[in-house]
Amino acid sequence: MWTQGFFYFLKKSKNPVVENKMENNFLIDTHCHLDMSQFDQDRPEVIERAKEAEVKYILTVGSGLESSRAAVSLARSHENIYAAVGVHPHDAKDFDDDAYKTLLALANEKKTVAIGETGLDYHYMHSPKDVQIEVFKKHIELARETGLPLIIHSREAEIDTLRVLAEAAGREEIRGVLHCFSGDMEMAKELIRMGFYISFAGPVTFKSKKSAALAEVAASVPDDHILVETDAPYLAPEPFRGKRNEPAYVRHTAEHIAQLRGITLSDLARITSVNGLRLFGIGEVPGEGVIAYPIRDSLYLNVTNRCTNNCCFCVRMKGDFVKGHMLKLVNEPSAMDLEGAIGDPKKYSEIVFCGYGEPLMRFGVVKEVAKWVKENGGRVRINTNGQGNLVNGRDILPELAGLVDSFSISLDAQDEETYERLCKPFHKQAFKALLDFISESVKYVPDVQVTVVETDGVDVEACRSLARRLGVEKTLRVRKLDVVG
């Protein structure tokens, strides 16, 4: 089961990067060069240190024909290592038909999971621009022929990189990752619109103006498009900057990005690992929805797939994963199932009824579990679209008095017309029912907050005024769409 995950019990580890455990989660270094000479003296120890740092998988990436052969050889020899094969843009001038055939043969190896490193590099210009572009296109052709994703390098070549990818994507679907991303927010948006992942390496941890801009991108990339890497032996993150990089150090980059995104290292590890598993087809991607899942220090309960709205901005429109958790349920859990999944409620700052659907559609189960949580010393929050009274055919709020510590209610619009357009409710008079629910909830629940998603047509200040008129004193919480929104 995914919820059991992977956990290395390390006592007095010699690895300086291991500090806090990532319960039930692991990291993937999605880009390094283990074949390079910098690792010749201690390669086995480097691989072992990565395991100790809870790096479960390593993707070693070819930068030329010999490098690609070496990557495949390493992957054959180690269960936790996979290979990518390609020719770096620096050496594009040496690429020919024989090179293509060699890469094609290597790409058909069992543990080859990507084509690359390929792309464009206009910093050193070791190969002419037009040659780099043509070889980049050859790698895209190779990716199509093999069905493998691309690993793309782009340095000082943003315009041409986006143009080549857009032209290729316009003819046929391609997928992949921009490794060691160094572009700006606009480049990230374009890549994500085309379905690509964005991978961050050590530079995001550096203390510089350029890295500050990169950190802003790392904080904003949607959960389902972000990866982490080392690019070892290069670009070691702080506090190892200037030294040889190695896969274990991906943990430092992950910790920094987690801080930027306001989540835990365990959250970031789960998110990026699921993305890596899905993109590269390694390991086992979780296929069954979880009923209880941690985010930061809260535990969320997933009680139903059903919802009374079909909101255009909902995560359900994009997929079934939230913060790396697969949420689409096979069966709705019972109250006993949920209580068993919680364990001790006091371990968490709060127990949150949220999940993939609208929790108050299963009011009886929510009420029973909330009562159990309170009796066992926990706090209860319910995230809801505010249609609980409407779908249950009665005023359910008095029954929640004393059982619920806080409500987070999705207001999402300043008027009925906007609400109907954005949220597409299945019930008539849903917006009126929502407003009534908000105004009544403050009588029974001590902490009530309303939220809106910042999107076209939503007047945030009008929503704030409306919340105040409904009696909600707490500041309106504005949720931002993903960077692609």
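Read-outs: derived from the displayed coordinates by stated rules, not from any lab. Here the structure is a predicted model, which is why all the values come from computation and not from measurement. Backbone-built Cβ (ideal geometry, glycine too); neighbour counts: all protein chains shown.
Taking 8 Å as the Cα distance limit and 6 or more residues as the minimum spacing, I'd like the relative contact order of the chain as a percentage.
Normalised by residue count, the contact order of the chain is 10 percent.
Kirkwood-based Rg over Rh for the chain (C-alpha set), two decimals?
Looking at the chain, the ratio lands at 1.02.
Applying the Karplus parametrisation 6.51 cos²θ - 1.76 cosθ + 1.60 with θ = phi - 60° to the phi angles of the stretch 221-231, what ³J(HN,Hα) value in whole Hz is obtained for each residue in order, glycine and proline being reported as x?
Couplings: 4, x, 3, 7, 10, 10, 9, 10, 7, 10, 6 Hz.
For Lys367, give me every one of the aspartates and glutamates with a C-alpha distance below 17 angstrom, ignoring sequence neighbours fewer than eight places off in its own chain.
Glu332, Asp337, Glu339, Glu350, Glu358, Glu375, Asp395, Glu399, Asp405
With a cut-off of 8 Å between alpha carbons and a minimum separation of six or more residues, what is the relative contact order of the stretch 27-280 in percent?
Contact order relative to length: 19 percent.
What residues qualify as long-range amide H neighbours of Val453, i.e. H under 5 Å apart, gap of 5 or more or another chain, H built at 1.01 Å from N?
Amide H neighbours of Val453, under 5 Å, 5+ apart: Asp412, Arg479.
Would you mind classifying the stretch 292-480 by shape? Square roots of the alpha carbon gyration tensor eigenvalues, ordered a ≥ b ≥ c; an a/c under 1.5 is rounded, otherwise it is prolate if a/b is larger than b/c and oblate if not.
Taking the square roots of the gyration eigenvalues as a ≥ b ≥ c, the stretch 292-480 is prolate.
Could you please rank Cys314, Cys180, placing first whichever residue has the fewest other Cβ atoms within 10 Å of its Cβ?
Fewest-to-most Cβ neighbours within 10 Å comes out as Cys314, Cys180.
For the pair Asp96/Arg477, report the inter-label distance in nm, with labels modelled 7 Å from Cα in the Cβ direction.
Going from the Asp96 label point to the Arg477 one covers 6.2 nm.
Report the extension gain between Asn80 and Glu167 in nm, rounded to one decimal, defined as 0.36 nm multiplied by the number of residues separating them, less their alpha carbon distance.
27.8 nm
In whole angstrom, note down how far apart the Cα centers of the stretch 195-254 and the stretch 432-485 are.
When both Cα centres are located, 36 Å separates them.
Which whole-percent values make up P(r) of the stretch 27-280 when all C-alpha to C-alpha distances are grouped in 5 Å steps starting at zero?
Cα pair-distance distribution for the stretch 27-280, in percent: 1, 7, 15, 19, 21, 18, 12, 6, 1, 0.
In the structure shown, do any of Lys210/Lys243; Lys93/Lys210; Lys110/Lys137; Lys111/Lys480; Lys51/Lys328; Lys207/Lys347 have a Cα-Cα gap over 27 Å, and if so which?
Lys93/Lys210; Lys111/Lys480; Lys51/Lys328; Lys207/Lys347
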